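Below is one structure; the comments refer to it alone.
Readers should treat all values here as calculations from the given coordinates under stated rules, not as data from a laboratory. Just so you know, these numbers come straight off a predicted model, no measurement behind them. FYI the Cβ positions are ideal-geometry reconstructions off the backbone, even for glycines, and counts take in every protein chain you see.
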């Protein structure tokens, strides 16, 4: 296990933001992925600070609103969203109102974004940053 990192990134480190929930296994795996590679990330806990509409729009524009929606989550099934047909704006409104519907973690590096576990993409980002 690498030594804990400070909170101040150096000039060589990429500016990576991770949006997620502290108790989410996928979010913890993403934070562990970057920590093992000694990369300081900016983590935003969505329970403490909800995602801004502009930030969510960055993810929905880059990936599509449906890609940011976690269709396997319990709130998705409880709310019966599988039986509703909604457009991208409707999905975005639901994501803003209930963060439990997001496919976590949401990770951003510059203009590149991912939703969910995407280690191969993150490795490509780190290789490009060197």
Exercise for review: Within region 67-88, track down each residue that is part of a helix (DSSP H, G or I) and either within 16 Å of residue 19 (Cβ to Cβ) or in contact with a helix residue (DSSP H, G or I) (Cβ under 8 Å, 6 or more places away or on another chain) (or both).
Suggested key: 67, 68, 74, 75, 76, 81, 82, 88
Review point. Across region 113-123, which residue is nearest to residue 67 (Cα to Cα) among those that are assigned to a helix (DSSP H, G or I) and touching a strand residue (DSSP E or B) at 6+ places or on another chain (Cβ under 8 Å)?
Key: 121
Exercise for review: Can you work out which of the residues in region 47-66 that are part of a helix (DSSP H, G or I) and touching a helix residue (DSSP H, G or I) at 6+ places or on another chain (Cβ under 8 Å) is surrounded by the most Cβ atoms within 10 Å (Cβ to Cβ)?
Suggested key: 59
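Can you tell me which residue in region 78-93 is farthest from residue 50 (Cα to Cα), limited to those that are out of contact with any strand residue (DSSP E or B) (no Cβ under 6 Å at 6 or more places or on another chain) and buried (at least 16 other Cβ atoms within 10 Å of the Cβ)?
Here the answer is 81.
Please determine, by comparing only the residues of region 94-112 that are touching a strand residue (DSSP E or B) at 6+ places or on another chain (Cβ under 7 Å) and assigned to a helix (DSSP H, G or I), which one is farthest from residue 34 (Cα to Cα).
95
Here's the yes/no breakdown for (1) surrounded by fewer than 13 Cβ atoms within 10 Å (Cβ to Cβ); (2) part of a helix (DSSP H, G or I); (3) in contact with a helix residue (DSSP H, G or I) (Cβ under 6 Å, 6 or more places away or on another chain):
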| residue | (1), (2), (3) |
| --- | --- |
| 14 | no, no, yes |
| 19 | no, no, no |
| 34 | no, yes, no |
| 43 | no, no, no |
| 125 | no, yes, no |
Practice item. Using the structure shown, decide if residue 116 is closer than 24 Å to residue 33 by Cβ and surrounded by fewer than 19 Cβ atoms within 10 Å (Cβ to Cβ). Key: yes
